[in-house]
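Here's a structure for you.
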Amino acid sequence: MSEKDYAVTLLSDFIKINTTNPPGNEEEAIVFLDEILTKEGLETQIFVPVKKRANILSRIKGRQIGKPIILLSHVDVVPAKIDEWDIHPFSGEIRDGFIYGRGAIDMKSQTISQLLAFIDLYKKGIVPERDIIFLATCDEEVGGKNGVEYMLNEVKDLQEASFVLSEGGALIEEDGLIHAQIAVAEKKVSQFMIKAYGQGGHGSIPTKNSANEKVIKASYAILSYKWPIKVTGVVNSYLNGILKDKVIEGVRFNTLKEGLKNKKIKEALEANPLFNALLRNTVTPTILKSGEKINVIPSEATVYFDARLLPREDKESFFSKIKKLCGEDVEIIRIDNSSADPKPSPYNTEYFTGIKNIIRRAKGDIPVLPCLLTGASDLRYFRNLNIPAYGFFPAVFSKDEIMRMHGKNERISIENYLNAIEITKEIVRFLASCKDKI
Ligand SMILES: [Zn+2]
């Protein structure tokens with residue numbers, strides 16, 4: 001079998017292992033990776049935090065001790081509604097030049113790319129400056145407790161890594177142009193719910209201040225509040241990079257700073273859901289729980305909010321603002337009470353420059369920009385420890401392809417995937433040469 005066919009078969013077979021989380025059941029996928037690594041002569045360690053869940057670590061010893069570089073990926077996937085798919089999500093079917101299935105983008109293709117790049121380094125006999133660690137984990141899609149969090153406690157030198165490469169950014173194709181997004185920061189998850197109690201009764205005799213009225217008033221206050229725009233360094237670089245010279249509402253975009261002073265440009269940026277989320281805290285109601293019968297006034301009502309804060313925002317001041325907005329009638333209950341404070345990773349580093357040079361060699365003189373992830377990834381565990389961590393997979397995706405990521409008919413083209421493997425190999429060879437100067 002040719003090297004390319006082997007890579008395609010590996011991904012297709014890897015997708016066939018159903019690692020939908022919950023429940024995860026990632027052990028089989030970890031054993032799959034273990035067999036490949038072992039066959040190539042690499043040593044591995046499997047960690048089983050709970051039954052049927054597992055993580056795998058393999059290491060290529062470096063010249064120097066400590067401060068390893070980690071190639072990180074997760075092997076679990078989000079659920080797929082089989083009825084909505086045209087091709088079974090766990091068939092790994094290859095059709096019209098695409099490999100289909102849950103995980104084709106997020107992120108089994110990247111796991112296999114990192115695996116093949118790691119094996120390539122080993123087979124070439126390259127001794128890296130620092131240990132290079134291949135780490136594939138479970139449980140990312142549900143928070144990483146059994147995955148990265150567990151591994152950081154089990155393998156102490158992970159906590160002093162010099163650099164981590166995982167998911168989050170990619171090569172994005174828009175209107176025929178490609179730019180590279182390297183995720184260097186992510187927003188902070190600050191989910192909470194508001195709860196109110198009131199006099200229940202029959203719908204025909206309304207009482208004052210029912211539980212529903214209380215949560216509706218408080219929710220309205222939260223939703224009416226416009227969180228101030230705060231331009232972070234990362235978002236400034238990113239938006240300047242992709243919007244430079246674009247004509248927005250008849251005005252040529254020069255810099256973000258200047259653009260935000262122009263009412264029309266500011267409104268256009270705020271109207272774009274992604275740009276809006278990059279520029280301010282967002283607070284979104286997602287679950288409403290209350291009455292069950294049309295003629296019964298419930299005595300209790302709850303609204304859940306998914307809030308995402310800009311990287312340097314302080315959670316305590318955020319919640320005191322929420323409290324002020326809500327008033328005294330509702331109780332605010334924080335859902336994620338962790339003190340996690342992932343710092344944005346610096347991007348004036350040899351890692352960023354090195355990866356940028358590799359991308360430009362492969363794709364031409366395209367913009368290579370740091371970006372802020374609106375969602376959360378396992379990299380937050382490392383950023384929490386002040387370890388520079390980037391999310392980047394060198395495959396090209398259009399918006400339509402990215403929408404499939406947690407949706408239906410997720411897929412990756414074979415050509416795109418094979419190219420990504422080659423670029424990943426170069427990135428890993430480059431990382432092997434890094435001496436950790438930052
Ligand atoms: Zn993912």
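The values are calculated or read from the model by the stated rules, or taken from the named source; none is laboratory data. Just so it is clear, the structure is predicted and the values come from calculations on it, not from any experiment. We place every Cβ from the backbone using ideal geometry, glycine too, and count neighbours over all the protein chains shown.
Any residue in region 97-116 that's touching a residue at least 24 places away in the same chain (Cβ under 8 Å): show its pairings with residues that are among the acidic types (Asp, Glu) and away from the ligand (no atom under 13 Å from the Cβ) at Cβ separation under 8 Å, as long as the two are six or more apart or on different chains.
Listed pairs, sorted by first residue: GLY97/GLU415; ILE99/GLU93; TYR100/GLU93; GLY101/GLU93; ILE105/GLU401.
Out of all the residues in region 144-174, which are more than 12 Å from the ligand (Cβ to nearest atom) and in a loop (DSSP other than H, G, I, E, B)?
VAL155, ALA161, SER162
So, ALA301, is that one among the small types (Gly, Ala, Ser), touching a Phe, Trp or Tyr at 6+ places or on another chain (Cβ under 9 Å) and not in a helix (DSSP H, G or I) or not?
Considered against the rule, which asks whether it is among the small types (Gly, Ala, Ser), touching a Phe, Trp or Tyr at 6+ places or on another chain (Cβ under 9 Å) and not in a helix (DSSP H, G or I), ALA301 comes out as yes.
Looking at region 3-19 only, could you name the residues that are more than 23 Å from the chain's Cα centre (by Cα) and either of a type outside the set (Gly, Ala, Ser) or not in a helix (DSSP H, G or I) (or both)?
Matches in region 3-19: GLU3, LYS4, ASP5, TYR6, VAL8, THR9, LEU10, ASP13.
Take the residues of region 75-125 that are of a type in the set (Lys, Arg) and buried (at least 17 other Cβ atoms within 10 Å of the Cβ): which is nearest to the ligand (Cβ to nearest atom)?
LYS108
Sticking with this structure for a sec: Just checking: which of the helices (runs of 4 or more DSSP H) contained wholly in region 309-425 hold 1 or more residues that are at pLDDT 95 or above and exposed (fewer than 15 other Cβ atoms within 10 Å of the Cβ)?
It comes to 315-326, 350-363.
What number of residues within region 245-283 satisfy the criterion of being free of Cβ contacts under 8 Å to residues at least 24 places away in the same chain and in a strand (DSSP E or B)?
4
Still on this structure, please answer the following. Taking only pairs six or more apart or across chains, which ones have beta-carbon atoms under 8 Å, a first residue in region 44-68 that is surrounded by 18 or more Cβ atoms within 10 Å (Cβ to Cβ), and a second residue that is basic (Lys, Arg) and part of a strand (DSSP E or B)?
If the second residue must be basic (Lys, Arg) and part of a strand (DSSP E or B), the pairs left are PRO68/ARG59.
So which residues in region 208-244 are farther than 30 Å from PHE319 by Cβ and part of a loop (DSSP other than H, G, I, E, B), if there are any at all? Step through it out loud before you land on a result.
At the first step, the residues of region 208-244 found to be farther than 30 Å from PHE319 by Cβ are 240-244.
The one that is farther than 30 Å from PHE319 by Cβ and part of a loop (DSSP other than H, G, I, E, B): LYS244.
Do you know which of the residues in region 328-385 that are among the β-branched types (Val, Ile, Thr) and closer than 20 Å to GLU140 by Cβ is nearest to the ligand (Cβ to nearest atom)?
Per the criteria, the residue is THR374.
Same structure, new question: Among what's in region 175-192 and is of a type in the set (A, V, I, L, M) and within 24 Å of THR232 (Cα to Cα), pick the residue that is farthest from the ligand (Cβ to nearest atom). Can you show your working first?
Taking region 175-192 and keeping what is of a type in the set (A, V, I, L, M), we get 177-178, 180, 182-185, 189.
When the remaining residues are screened for being within 24 Å of THR232 (Cα to Cα), the result is 178, 180, 182-185, 189.
Working: ILE178: 22, ALA180: 18, ILE182: 16, ALA183: 11, VAL184: 17, ALA185: 16, VAL189: 15 Å.
This residue is ILE178.
When region 293-313 is examined, which residues are found to be touching an Asp or Glu at 6+ places or on another chain (Cβ under 8 Å) and under 14 Å from ALA340 (Cα atoms)?
Once the filter is applied, which keeps residues that are touching an Asp or Glu at 6+ places or on another chain (Cβ under 8 Å) and under 14 Å from ALA340 (Cα atoms), region 293-313 yields only PRO311.
Checking the structure you have, find out if any residue of region 271-278 is touching an Asp or Glu at 6+ places or on another chain (Cβ under 8 Å) and in the same structural domain as LEU309 (by TED's automatic domain parsing).
Among the residues of region 271-278, at least one is touching an Asp or Glu at 6+ places or on another chain (Cβ under 8 Å) and in the same structural domain as LEU309 (by TED's automatic domain parsing), which makes the answer yes.
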